[in-house]
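The next block holds one structure in the form of structure tokens; read it before the comments.
The values are calculated or read from the model by the stated rules, or taken from the named source; none is laboratory data. Just so it is clear, the structure is predicted and the values come from calculations on it, not from any experiment. So basically every Cβ, Gly included, is an ideal-geometry build from the backbone, and we count neighbours across all protein chains shown. Please note that ligands, DNA and RNA were not included when accessible areas were found on the heavy atoms of the full protein model with its side chains. Shrake-Rupley method; radii C 1.70, N 1.55, O 1.52, S 1.80 Å.
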Amino acid sequence: MVKLGQQFGLHPLAVENIMDDATSQDMMEQIDGYALVMYRTTTDMTTETAFSIVVGSGWILLFHTSAAQMHVDRVLDRLQEHSNELLGSCFVVYALIYEITDWLTMTTIQIKHDVVQIDNI
């Protein structure tokens, strides 16, 4: 990871935050020509997962736990559907965060529905 950080000119503290995602907080920072977005969520209401997205000029690095792969796969499928269109790195970051948040919202709505059903018993 250190070599990858050096290859892309990442600040050592950014690399440290990415590697130590268990203690890092959600953030979005502009650092020396790239942006670092760190976002954490849950994949099944019990498993926390963290995403680290580094966006540079013409490139994106994405780091995540294996539990987050379903979100990444959905976004990759969407990108392939739009492969003939010019989509920038901001769109990719937005699509990832939207996918995670949308899934979490739908899961929360389902839990709320289940709680109401239990209360009606």
Pairs with Cβ under 6 Å, 6+ apart, first in the range 25-40 and in contact (Cβ under 8 Å) with a residue 60 or more places away in the chain and over 12 Å from Ala14 (Cα atoms), second surrounded by 11 or more Cβ atoms within 10 Å (Cβ to Cβ) and of a type outside the set (Ser, Thr, Tyr): Tyr39/Asp26; Tyr39/Phe51
Which numbered condition Asp21 fails, given (1) at pLDDT below 85; (2) among the acidic types (Asp, Glu); (3) farther than 17 Å from Val93 by Cβ: (3)
Asp77 open to solvent by less than 70 Å² (accessible area, probe 1.4 Å) and either at pLDDT 80 or above or not aliphatic (A, V, I, L, M) (or both): no
First in the range 54-83 and on the phi > 0 side of the Ramachandran plot, second anywhere and part of a helix (DSSP H, G or I) and at pLDDT below 80, Cβ under 8 Å, 6 or more apart: Gly58/Ser89
